[in-house]
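Bear in mind that the values in this text are calculations on the coordinates, not laboratory data. Because the structure is a prediction, the values reported are computed rather than measured. Cβ: placed from backbone, ideal geometry, glycine included. Neighbour counts: every protein chain shown.
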Amino acid sequence: MRAEHDRYRGSGRLPRSERWRIERLTEANPLWGSNGIAFGPDGRLYVAQYVAGRISAVDLGSGDVEVVVDLDGPIQSPDDLAFGTDGSMYITDLTPGRVWRRTPDGAFTLVSDEVAATNGIACVGDRVFVNEMRVGGRVLEVTPGAEPVVLAEGLAMGNAMQLGPDGCLYYPHMITGEVHRVSPDGGEPELVAEDVHAPVAVRFDRGGSLTCLAARKASSPGSTCSAPATARSCRARCPEWTTPPSTPRTACSCPASRRAGSRSSPRTDERARWCRPGSSDRSGWRRTAPAPCSPGTTTGWPTSTTAR
């Protein structure tokens, strides 16, 4: 891992990751206010800059940044973007609640203005799907000149979503800390991950594993949670199976064959049980192996730095 972020120098803090190599690709500030990202057909990384009101393309080889959608265009607050098979860019314009299409030659077309708080977006061929970042939000298919088709309702604040390797659309519920999926052709939505702290985006790596980007807590760095797409449970702080973390973990991998149960009720057939006296302090955790806790103690999983 290599970290070269100037804004961390002087404070003694460096970005850290157990899974990813962190490398600076651009100088400071050209991508300020950035949010959704997607690779374009030209191989560049396109960045929706919600706060800046523009979209930039980054050449990952040279680090060059080009503004491709500027403030003088029709888009007010680009939140997320995706590309269709013809190379057109589809963009969610969150504040006014619109979905736009930008052709490869730079022409804009309004796809829909009938979606509230448009946020996550994904393309399946030439079909375009979006969700709403609001309580009671929806996942919809939008087509120019037609009414949006509702695929799922009752989202607890949707956000960045993606098509999974199984052909389903995966999307987060930010408030309830869940990830769901639904077929682009309709059907009953299915819960695939829970207990993820404020998930703001879901993505798949080349191996087909689902990665959830979680919002930063006031007292801890942002966290990620990884699990195979077939897993029924994905935790924002999956502990090691035999040894508890000495500090809260910010990344985890949960194999489907060894899924973690609730942190307040660990599965004793897969990992050691931890117990503490029935009090509010967090300093008395003790490992007791798979045997049940003694009477008068509390079952759980230690989260403080004093656990041992």
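Assorted remarks:
- Working from label points 7 Å from Cα in the Cα-to-Cβ sense, the Glu66 to Asp105 distance is 1.7 nm.
- Residue separation of Ile175 and Arg21 scaled by 0.36 nm, minus their Cα-Cα distance, works out to 52.5 nm of gained length.
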